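Everything below concerns the one structure shown next.
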Amino acid sequence: MSNSTFEQELAAWTEKLDSCLRDEGIDVPKRSPNEMLDFDSLGVDEGTYKAAAAICSKKAGPAPVDPSAPSDDEYHQMQLTFAKCMRDAGYEWDDPAPPSEAGSAGVKPIDPGQFDQKDLDACAVKAGLDAGSGNG
């Protein structure tokens, strides 16, 4: 479903947020809803951006949540499966911390040179972590 209610809500929210950022003096380019902002191209320092973003996230409200996305608990289970798979493949891999009241479970950054990409991909597939990454 390329034109779901969620995608429409996300597009509207993104436009509202970006419009506010422009009102705050940050030259935000037109972008698609799931496109990240490139800070380097905005021409402002991080402090200026964070101040504007704080104002605008209040005005725009929280981003809409994809109803088909896994819950924090489901995502944590997927991460546990991934961690076990990486250990089974011979890597030292800690289980992720459970999700807390403060937000989603923390995922440690992966140093690409440290792991075989084939193992990472295979474990991601096994855990179901790559299922939602298709665009379109």
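Below is a table of values for the structure above.
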{"read-out": "Cα-projected label distance for Ala89 with Phe115, points at 7 Å along beta-carbon direction, nm", "value": "0.6"}
{"read-out": "Per-residue SASA entry for Arg87, accessible area with 1.4 Å probe, Å² rounded to 10", "value": "100"}
{"read-out": "Nearby aspartates and glutamates by direct alpha-carbon distance to Lys84 (threshold 19 angstrom, same-chain neighbours under 8 apart not counted)", "value": "Asp72, Asp73, Glu74, Glu92, Asp94, Asp95, Asp111, Asp116, Asp119, Asp121, Asp130"}
{"read-out": "Per-pair calculated FRET efficiency, R0 = 25 Å: Asp130 and Ser32 via Cβ, rounded to 0.05", "value": "0.75"}
{"read-out": "Partner aspartates and glutamates for Lys30 [C-alpha distance under 15 Å; skip if fewer than 8 residues away on the same chain]", "value": "Glu15, Asp18, Asp38"}
{"read-out": "Radius 13 Å from Cβ of Asp27, net charge of other residues (Lys, Arg +1; Asp, Glu -1)", "value": "-2"}
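The values are calculated or read from the model by the stated rules, or taken from the named source; none is laboratory data. Nothing here was measured: the structure is a model prediction, and the numbers come from that model. Backbone-built Cβ (ideal geometry, glycine too); neighbour counts: all protein chains shown. Calculation scope for accessible area: heavy atoms of the full protein, side chains included, ligands and nucleic acids excluded. Shrake-Rupley method; radii C 1.70, N 1.55, O 1.52, S 1.80 Å.
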